[in-house]
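Everything below concerns the one structure shown next.
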Amino acid sequence: MSSMLEQLAQLKVKALAELAALATTDETRSWYGTVLGRKGELTALLSGMMQLPKEERPAVGKLANEIKAELEAALQERQAAIALEEMTQALSAEHVDVTLPGRRPQIGAYHPTTTALREIVDILVQMGFQVYDSREVESDDMNFGLLNFPPGHPAREMQDTFFTTNPDVILRTHTSPGQIRAMREYAPEPVRLIMPGKCYRNEDVTARSEMMFYQVEGLVVGRSITFSDLKGVLLNFANQMYGEGRKIRFRKSYFPFTEPSVEMDVDCILCGAKGCRMCKYSGWLEITGAGMVHPVVLRNGGYDPAEFSGFAFGMGIERQAILKRSIDDIRYFYDNDVRFLERIA
Ligand code: FA5
């Protein structure tokens, strides 16, 4: 009998020592299984009780009950202490220091190209132009041939082209091929369209020139459209885009698809035409190429030049964003350096 009582006492000491070393709630659960559970050490020990003489059994049973109650109480106490410890740790891990300076959320902003594009499109839409979506991948014919650039014509070299392995498939060098596509879709109805989009030129990238840039093409075809209409539209555009009272001037130019061809300048918005770095001390900023649609192009688009006339213009978007927001290098636009976008927003 003494050995059974001793074993119980030893079990208690060992179990209490183990319990004291536990650190987590999970560990206390497995301790319960090992010591007090149905297949635990206490049950295993008591299974030998039937071999004891009858008179010894009550004392062993009593001690076993006491130990069980004691261990259960010790377990509860330990679990409560561990739960408290775990909660304290969790709270300090999630601790919020209200004295720390706040983190400013980053506010998104439009890319300067998007802003300029929207501004330009809005002005022209308000004048009655409709947006026509043309394609970026073009045939040589659409980009050049039908726009009156004969094969081998030196004017093709004004726009260095990105070719594909198929010599007839190129990336458009300007938005002007949209003129042919739009005319072929609408002829013989009059049209008043703008075509914004990306263009690609195999050029050396400099502060003023990118390989990929945006243009907005304008095209008006109808009966008795004159150069005065072109002038009125561009003057109105300049006043809305760059402020009332702007002066504009036309310089003669050359494009195979317009005749006559011009470049339109606006008086320098930065220096009031006195001369500065931005206008290269000329007092004028170049805004767009333009002209009266060439009769050959009208015919290629499906209009009879004896009955119809029209004007077209093609303006660069980044260069206008540069003018309006005093950005000094076009390369910032597509470098994807977020510091530029934050500064310019
Ligand atoms: C043209 O592309 C003609 N298609 C414009 C036109 C349309 C004339 C309709 C007449 C009638 P040009 O090559 O000059 O012309 O380009 C027009 C504008 O696109 C330029 O003034 C400039 O603002 C912009 N541009 C041209 N090349 C680049 C480049 N590499 N990087 C950034 N902008 C460019």
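Some points to look at:
- Qualifying residue in region 252-264 (condition: surrounded by fewer than 14 Cβ atoms within 10 Å (Cβ to Cβ), without any contact (Cβ under 8 Å) to a residue 40 or more places away in the chain and away from the ligand (no atom under 12 Å from the Cβ)): yes
- Condition broken by Gln130, with the remaining ones in (1) within 24 Å of Phe237 (Cβ to Cβ); (2) over 37 Å from the mean Cα position of the chain (by Cα) satisfied: (2)
- The listed residue being not in a helix (DSSP H, G or I) and not assigned by TED's automatic domain parsing to the domain that holds Gly289, out of Gln106, Gln89: Gln106
- Inter-residue pairs, beta-carbon under 9 Å, first among the hydroxyl-bearing types (Ser, Thr, Tyr) and in region 182-201, second assigned to a strand (DSSP E or B), 6+ apart: Tyr186/Leu193; Tyr186/Val221; Tyr200/Ile170; Tyr200/Leu171; Tyr200/Met212; Tyr200/Phe213
- Test: residue in region 315-325 that is assigned to a strand (DSSP E or B) and over 24 Å from Thr114 (Cβ atoms): no
- Residues of region 284-299 satisfying the condition of being assigned to a helix (DSSP H, G or I) and either aromatic (Phe, Trp, Tyr) or surrounded by fewer than 21 Cβ atoms within 10 Å (Cβ to Cβ) (or both): Pro295, Val296, Arg299
- The set of residues in region 149-180 being among the small types (Gly, Ala, Ser) and touching a residue at least 40 places away in the same chain (Cβ under 8 Å) consists of Ala155, Ser176, Gly178.
The values are calculated or read from the model by the stated rules, or taken from the named source; none is laboratory data. Predicted model, so just to flag it, every value in this text is computed and none were measured. Glycine also receives a Cβ, built like all others from the backbone with ideal geometry; neighbour counts cover every protein chain displayed.
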